[in-house]
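Engineer: Next up is a structure, given as structure tokens.
The values are calculated or read from the model by the stated rules, or taken from the named source; none is laboratory data. Keep in mind the model is a prediction, meaning the values are calculated, not measured. Quick reminder, even Gly has a Cβ in these numbers, built from the backbone with ideal geometry, and neighbours come from all protein chains shown. Protein only, heavy atoms only, side chains kept; ligands, DNA and RNA dropped before computing areas. Shrake-Rupley method; radii C 1.70, N 1.55, O 1.52, S 1.80 Å.
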Amino acid sequence: MKRVQVVIIGSGPSGLMLGHILHRAGIETIILESRSQDYVLARVRAGLLEQGTVDLLRDNGLAGRLDREGLIHHGMALAFDGERHRIDLSGLAGGKVVTIYGQTEVTRDLMDARAASGAPTVYEAEAVTPHAFDGEAPRVTYVKDGVTHEIACDFIAGCDGYHGVSRASVPAGAIATYERVYPFGWLGILAEVPPVDHELIYANSPRGFALCTMRSSTRSRYYVQCPLDDRVEDWPDDRFWDEIRRRVDAPTAEALVTGPSFEKSIAPLRSFVAEPLRFGRLFLVGDAAHIVPPTGAKGLNLAMSDVRYLAEGLLEHYGEKSSGGLDAYSGRALDRIWKAVRFSWWMTTMLHRFPDQTAFDQRMQEADLAYLVSSQAAMTSLAENYVGLPV
Ligand code: APR
Ligand code: PHB
């Protein structure tokens, strides 16, 4: 039977980042991924990195292209009731900024780094299954090209996303889950047009939420809230552009440059947390452990702070023969996760139109927004959460 120190299940950003840090520290890993490399790279996700995420990438030698191509943002805007209000993020949050750089690009950089390191990744691994993680000798089995493989290890990192096998392998009585499903989706497009503004605009309108974001100075990403049962075919480009114009303030609508979209997809919105994140020698990391709605772009950033905590614990285990960091992992990670879950839920609740929204709910939303842009304290709270709470 083959043996490595840590088996990583999943080659999304969590698995790749963890693998990279461990490899640099001389800890042997294998990554088992059920999909193909191209499939993983083709998934379009959010694109906003907190300072802590950028620092983690940079400290691990992964920021070459990010430093050249990432767009640094000092502020963002909220549009509602016909007006646009800028939030001075860096001014309010002690100089911290956010960086626009697509998750797809982060994933590509991480895959390139792993390929260069020579550390193994098995793509299209079928039936990946963790075993015996409640004891001292965990194993992972998988099938590749019809052949069953078995790997013995010290630890298993479940970095396999919301639908992965890791969380599903935990006995039901050992895990608690918390969930809110939102009654709408986000329809997102990518288009080769310059962004309407150099910063992001989050809009609350009677027709629903809209977000103007970007990937570069020539590539835009736009989202509108849509009913959950809408299909992409219901939204030809013209309809999309008309709709977003009607949801933003007039100057923004006028400045909007439209063009053919080259990607269009609908994503549901969900808040989800599993507790705890450690089951003997199995750890849950990233989307395997939690999901946040995209409002505020916390998903990837939370995954990166989980990875940081777990990597610290593993390095301490192998380097100092101390279990302190691993014992603390679940608590440390969950403390930060719940705060990001709260922030994403609050942003989502404040900015979307809910199908069952009462007149009272509506007034609360208006008061929330009006208070926010009139209070230095409230804007500071938004800013410190948006740029990322301390890791
Ligand atoms: N066996 C092996 N791999 C699996 C399995 C399985 N049974 N199930 C899922 N996977 C793979 C998926 O194909 C995917 O490539 O695990 C990977 C999980 O990657 P992500 O879903 O991207 O999750 P994660 O790496 O935690 O990334 C952080 O935060 O909010 C999000 O959009 C953000 O995707 C980003 C995530
Ligand atoms: C994105 O650029 O795709 C993005 C940015 C901010 C969000 C969500 C998505 O809150």
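Engineer: Exactly one condition in (1) out of contact with any strand residue (DSSP E or B) (no Cβ under 6 Å at 6 or more places or on another chain); (2) open to solvent by 30 Å² or more (accessible area, probe 1.4 Å); (3) not in a loop (DSSP other than H, G, I, E, B); (4) not acidic (Asp, Glu) is false for HIS85; which is it?
Structural biologist: HIS85 satisfies every listed condition except (1).
Engineer: Here are the criteria: (1) within 16 Å of ligand 2 (Cβ to nearest atom); (2) surrounded by 23 or more Cβ atoms within 10 Å (Cβ to Cβ); (3) over 18 Å from the mean Cα position of the chain (by Cα). Tell me which single one GLY75 does not satisfy.
Structural biologist: (2)
Engineer: Assess whether GLY146 counts as being without any contact (Cβ under 8 Å) to a residue 40 or more places away in the chain and out of contact with any strand residue (DSSP E or B) (no Cβ under 7 Å at 6 or more places or on another chain).
Structural biologist: Values: without any contact (Cβ under 8 Å) to a residue 40 or more places away in the chain: yes; out of contact with any strand residue (DSSP E or B) (no Cβ under 7 Å at 6 or more places or on another chain): yes.
Spelling it out, GLY146 is indeed without any contact (Cβ under 8 Å) to a residue 40 or more places away in the chain and out of contact with any strand residue (DSSP E or B) (no Cβ under 7 Å at 6 or more places or on another chain).
Engineer: Search segment 22-59 for residues being open to solvent by less than 20 Å² (accessible area, probe 1.4 Å) and more than 18 Å from the chain's Cα centre (by Cα), and hand back the single one that is nearest to ligand 2 (Cβ to nearest atom).
Structural biologist: GLU33
Engineer: On the basis of being in contact with a Pro (Cβ under 9 Å, 6 or more places away or on another chain), part of a helix (DSSP H, G or I), under 29 Å from GLN376 (Cβ atoms) and small (Gly, Ala, Ser), does GLY52 make the cut? Step through it out loud before you land on a result.
Structural biologist: Values: in contact with a Pro (Cβ under 9 Å, 6 or more places away or on another chain): yes; part of a helix (DSSP H, G or I): yes; under 29 Å from GLN376 (Cβ atoms): yes; small (Gly, Ala, Ser): yes.
When the stated conditions are applied, GLY52 passes them.
Engineer: Still on this model: Regarding ALA311, is this residue part of a helix (DSSP H, G or I) and either among the aliphatic types (A, V, I, L, M) or within 11 Å of ligand 1 (Cβ to nearest atom) (or both)? Even if it seems obvious, please write down each step before you answer.
Structural biologist: On the way: part of a helix (DSSP H, G or I): yes; either among the aliphatic types (A, V, I, L, M) or within 11 Å of ligand 1 (Cβ to nearest atom) (or both): yes.
Criteria met by ALA311.
Engineer: When you check VAL54 against the structure, is it β-branched (Val, Ile, Thr) and more than 19 Å from SER344 (Cβ to Cβ), yes or no?
Structural biologist: Numbers: β-branched (Val, Ile, Thr): yes; more than 19 Å from SER344 (Cβ to Cβ): yes.
Here the answer is yes, as VAL54 does meet what is asked.
Engineer: Within segment 91-108, take every residue that is over 19 Å from MET214 (Cα atoms) and outside any loop (DSSP other than H, G, I, E, B) and give me the one that is nearest to ligand 2 (Cβ to nearest atom).
Structural biologist: Narrowing segment 91-108 to residues over 19 Å from MET214 (Cα atoms): 91-96.
Filter once more, so that each one left must be outside any loop (DSSP other than H, G, I, E, B): 91-92.
Values: GLY91: 20, LEU92: 18 Å.
That would be LEU92.
Engineer: If you take the residues of segment 336-356 that are within 18 Å of CYS226 (Cβ to Cβ) and exposed (fewer than 14 other Cβ atoms within 10 Å of the Cβ), which of them is nearest to ligand 1 (Cβ to nearest atom)?
Structural biologist: Filtering segment 336-356 for residues that are within 18 Å of CYS226 (Cβ to Cβ) and exposed (fewer than 14 other Cβ atoms within 10 Å of the Cβ), the one nearest to ligand 1 (Cβ to nearest atom) comes out as PRO355.
Engineer: State yes or no: is GLY19 of a type in the set (Gly, Ala, Ser) and more than 16 Å from ligand 2 (Cβ to nearest atom)?
Structural biologist: yes
Engineer: Could I ask something else about it? Out of segment 217-240, which residues are open to solvent by less than 80 Å² (accessible area, probe 1.4 Å), assigned to a loop (DSSP other than H, G, I, E, B) and more than 16 Å from ligand 2 (Cβ to nearest atom)?
Structural biologist: Here is the first cut: in segment 217-240, the ones open to solvent by less than 80 Å² (accessible area, probe 1.4 Å) are 218, 220-227, 230, 232, 234-237, 240.
From what's left, assigned to a loop (DSSP other than H, G, I, E, B): 218, 227, 230, 235-236.
Those that are open to solvent by less than 80 Å² (accessible area, probe 1.4 Å), assigned to a loop (DSSP other than H, G, I, E, B) and more than 16 Å from ligand 2 (Cβ to nearest atom): PRO227, ASP230, TRP235, PRO236.
Engineer: Mind checking whether some residue in segment 274-290 is on the phi > 0 side of the Ramachandran plot and modelled with pLDDT of 95 or more? Give the derivation first.
Structural biologist: First pass over segment 274-290, keeping only residues on the phi > 0 side of the Ramachandran plot: 280, 286.
Still in the list and also modelled with pLDDT of 95 or more: 280, 286.
Yes; the residues of segment 274-290 include at least one that is on the phi > 0 side of the Ramachandran plot and modelled with pLDDT of 95 or more.
Engineer: For segment 319-345, which residues satisfy the criterion of being touching a residue at least 60 places away in the same chain (Cβ under 8 Å) and out of contact with any helix residue (DSSP H, G or I) (no Cβ under 9 Å at 6 or more places or on another chain)?
Structural biologist: Passing the criteria: GLY319, LEU334, TRP338, TRP345.
Engineer: Another question, then. Select from segment 125-139 the residues that are of a type in the set (D, E, K, R) and exposed (fewer than 15 other Cβ atoms within 10 Å of the Cβ) and write down the one among them that is nearest to LEU41 (Cα to Cα).
Structural biologist: Step one: filter segment 125-139 for residues of a type in the set (D, E, K, R), giving 126, 134, 136, 139.
After this cut, where a residue has to be exposed (fewer than 15 other Cβ atoms within 10 Å of the Cβ) as well, the list is 126, 134, 136.
Values: GLU126: 19, ASP134: 33, GLU136: 35 Å.
Only one residue tops the list, namely GLU126.
Engineer: Across segment 244-290, which residue is surrounded by the most Cβ atoms within 10 Å (Cβ to Cβ) among those that are in a loop (DSSP other than H, G, I, E, B) and among the charged types (D, E, K, R)?
Structural biologist: First, pick out the residues of segment 244-290 that are in a loop (DSSP other than H, G, I, E, B): 248-249, 256-260, 276-277, 280-281, 285, 289.
This time we only want the ones that are among the charged types (D, E, K, R), so: 249, 281.
Values: ASP249: 18, ARG281: 21.
Of everything passing the filter in segment 244-290, ARG281 is surrounded by the most Cβ atoms within 10 Å (Cβ to Cβ).
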